[in-house]
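The structure appears below as structure tokens.
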Amino acid sequence: SVLATCTRMTTRALLRCGGMVSRRLGVQPARSAMVLCSDSIDPVCVDIFRERGHDVDYKVGLQPSDLKEIIHKYDGLVVRSATKVTADVISAASNLKVVGRAGVGVDNIDVPEATKHGVLVMNTPGGNTVSTAQLAISLLCSAARAIPQADMSMKDGEWARSSFMGIEMSGKTLAIIGCGRIGQTVADWGNSMHMKVIGFDPVLSVADAREAGIQLYSNLDDIWAEADFVTLHTPLTPDTRNLVDDAAIDKCKEGVIFVNCARGGIIDEDSLLRGLESGKVGGAALDVYPTEPPPESSKALLQHPKVVCTPHLGASTDEAQINVARDIAEQMCNTLENKGFDGVMNARHLSLSTVPAMEPFMELSEILGKLAAQLLPSPIQSIKVESWGGRDISVTSKAARDLILAMVQKGVLQHTAACEAVPNLISAPFLADTVGMQCTASNDLPSLVGMPYRNLITVTCNSEDGESLVLSGSVFGTEARIVQMDQYKSFPAFKPDGYLLKFRNCDEPGQLSQLLAVLEKHSVNIARLSLGRQDDAGELALCLISCDTAVPTVAIQDLEALGVKEVMVCSC
């Protein structure tokens, strides 16, 4: 299957990109990586890679078949917008760890396929912020004052002042769809021109929008009804494709002007042309197109007298080219050297994975996942992770919770038959979703109150047959310890390693000596033992034994012959 073919790739990606995980496996990252730059990029990019000891091939204009043929040699791939990193390319990239986009948009990269194969995708969201925002404002002014049309008229020897009556922007309403770095920069300049700046962004908080000078709206219909100018700064996603269509235009003011410096496809070109021809749309300024360069079918729109168009110049300044080239090289070097994960788009939880204080919590989380998958009798359907407290670092932040959940998922998937790939920190959340697991992470306190620990991670799993299991662990110093197994909470914190023998036995004198005699008979050496009971657990006590070697089947049978219940052996 497709998942099976990516097993080797995810393992290699783990060793190179897993940070703390690779060190825990005793494998050091390679000192030198092979990197391919397949699009035209400022020389500073290649210089940085080489200064940091990596090998770089600069091959621009590769055909898709040529790229697929050679990509297996490379650890990193640097692209701009020309190279299409398709599923076929990723499937052939047996050593690829990271794809770096020198710029913002990644619609030329199959991000889900990269994630499935354990390949990081990163971009440089800050490198061309100023250049793109400047172009948006320039196009806005050009469309409002018909500057390109007036220029062409002058070059034709005309003097037609009355033909180019413009719109004063001061006092008008500027709507920004997508209020990230670029959108907020546009807002700053819009405010400086005394425009009323409103915006729509489902991620931005009202407080942050206010600080950026944006009046945030929660409903796009209200945006359409109020805006004199609309500038788009969102990525192209299924939700934003054809965001501006006939229905949206119908809700707009007469004479509205649209600006798109983000991604082609956010505006439906046919709808825009109909709006221009009817007079509902007063003008449009476009820098991006669904297909680049635009096909013959776009000619009517691009040649419309109220349309200003440029050939994707958002990042086309010397400064922006240097910025994105430098940023992507430094980000990729840091990732390949396990020093950081800035700009990662498909595994944002990795940002904390290189922090030493998180390592024991990552180890504990993976162990809890492994044990849960082995202790439950059927495949896990849902995982709930709760975290509380910390030790030199809080484990309640969203970034920490996401990382902890990914490690739990990784542990569970290692013992899930339906998952044919080797999961890593990059692919684990994607693979968990693929096999149908419902996963959540929170720092809800009710179930954690009353446990005397500085930190706690609780994992609640439900299996396909309706069984449930609760495991809790805590970090003591730098060591992972198990402190709860279902209703059993009052037992010495147990350090899990090697082979874990778990069973329940009658809580009466002489029981333990009989059980230990069985292990002695079969030459099973005990590393550590923890025994506990609960008032509501009836007559059965819980016993956890860490063994140096695997427990033979005959030993398990002998334990069961003594009346021991629920005998199980797990690997930690």
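Is there a residue being within 30 Å of the chain's Cα centre (by Cα), of a type in the set (D, E, K, R) and within 28 Å of Tyr289 (Cα to Cα) anywhere in region 189-202? Yes, some residue in region 189-202 is within 30 Å of the chain's Cα centre (by Cα), of a type in the set (D, E, K, R) and within 28 Å of Tyr289 (Cα to Cα). Any residue at all in region 552-569 that is surrounded by 15 or more Cβ atoms within 10 Å (Cβ to Cβ), touching a residue at least 40 places away in the same chain (Cβ under 8 Å), β-branched (Val, Ile, Thr) and more than 10 Å from Arg504 (Cα to Cα)? Looking through region 552-569, at least one residue is surrounded by 15 or more Cβ atoms within 10 Å (Cβ to Cβ), touching a residue at least 40 places away in the same chain (Cβ under 8 Å), β-branched (Val, Ile, Thr) and more than 10 Å from Arg504 (Cα to Cα).
Kindly indicate whether Ala284 is more than 20 Å from the chain's Cα centre (by Cα) and buried (at least 21 other Cβ atoms within 10 Å of the Cβ). In short, yes. One residue alone among Leu364, Leu336, Leu352 is in the same structural domain as Asp433 (by TED's automatic domain parsing), in contact with a strand residue (DSSP E or B) (Cβ under 7 Å, 6 or more places away or on another chain), at negative phi and not basic (Lys, Arg), and that residue is Leu364.
Note on region 533-546: among residues that are more than 11 Å from Lys502 (Cβ to Cβ) and surrounded by 13 or more Cβ atoms within 10 Å (Cβ to Cβ), the one that is modelled with the lowest pLDDT is Ala537. Take Ala133 and tell me if it is more than 27 Å from Asp57 (Cβ to Cβ) and either assigned by TED's automatic domain parsing to the domain that holds Thr335 or out of contact with any Pro (no Cβ under 7 Å at 6 or more places or on another chain) (or both). The answer is yes for Ala133. Just one of the listed residues (Val89, Val99, Val56, Val119) is farther than 30 Å from Asp188 by Cα and in contact with a Phe, Trp or Tyr (Cβ under 9 Å, 6 or more places away or on another chain), namely Val56.
This table checks each residue for (1) of a type in the set (A, V, I, L, M, F, W, C); (2) touching a Cys at 6+ places or on another chain (Cβ under 6 Å); (3) over 21 Å from Gln484 (Cβ atoms).
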| site | (1), (2), (3) |
| --- | --- |
| Tyr499 | no, yes, no |
| Cys506 | yes, no, yes |
| Glu520 | no, no, yes |
| Ser523 | no, no, yes |
| Ala527 | yes, no, no |
| Val554 | yes, no, yes |
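Of all residues in region 133-145, one or more are within 36 Å of the chain's Cα centre (by Cα), more than 17 Å from Gly283 (Cβ to Cβ) and in a helix (DSSP H, G or I). When Ser442, Ser472, Ser447 are checked against the criterion of being at pLDDT 90 or above and of a type in the set (Ser, Thr, Tyr), a single residue qualifies: Ser472.
When Arg454 is tested against (1) free of Cβ contacts under 8 Å to residues at least 24 places away in the same chain; (2) assigned by TED's automatic domain parsing to the domain that holds Phe361; (3) loosely packed, with under 13 Cβ neighbours inside 10 Å, exactly one condition is not met: (1). Checking each residue in region 490-534 for being touching an Asp or Glu at 6+ places or on another chain (Cβ under 7 Å) and within 13 Å of Leu544 (Cβ to Cβ) picks out Lys495, Gly498, Phe503, Arg504, Ala527, Arg533.
All of Glu479, Glu520, Glu467 fail the test of being under 24 Å from Ser571 (Cα atoms), within 29 Å of the chain's Cα centre (by Cα) and surrounded by fewer than 17 Cβ atoms within 10 Å (Cβ to Cβ), apart from Glu479.
Per the listing Asp239, Asp342, the residue uniquely among the charged types (D, E, K, R), assigned to a loop (DSSP other than H, G, I, E, B) and in contact (Cβ under 8 Å) with a residue 40 or more places away in the chain is Asp342. Put simply, of Ala406, Ala432 the only residue that is free of Cβ contacts under 8 Å to residues at least 60 places away in the same chain, surrounded by 17 or more Cβ atoms within 10 Å (Cβ to Cβ) and farther than 25 Å from Lys339 by Cβ is Ala432. Just one of the listed residues (Arg52, Arg24) is within 15 Å of Asn338 (Cα to Cα), of a type in the set (D, E, K, R) and either touching an Asp or Glu at 6+ places or on another chain (Cβ under 6 Å) or modelled with pLDDT under 95 (or both), namely Arg24. Selection of region 287-297 for residues being surrounded by fewer than 19 Cβ atoms within 10 Å (Cβ to Cβ) and not charged (D, E, K, R) yields Pro290, Thr291, Pro293, Pro294, Pro295, Ser297.
The values are calculated or read from the model by the stated rules, or taken from the named source; none is laboratory data. Nothing here was measured: the structure is a model prediction, and the numbers come from that model. Every residue, glycine as well, gets a Cβ built from its backbone with ideal geometry; the counts of neighbours run over all protein chains shown.
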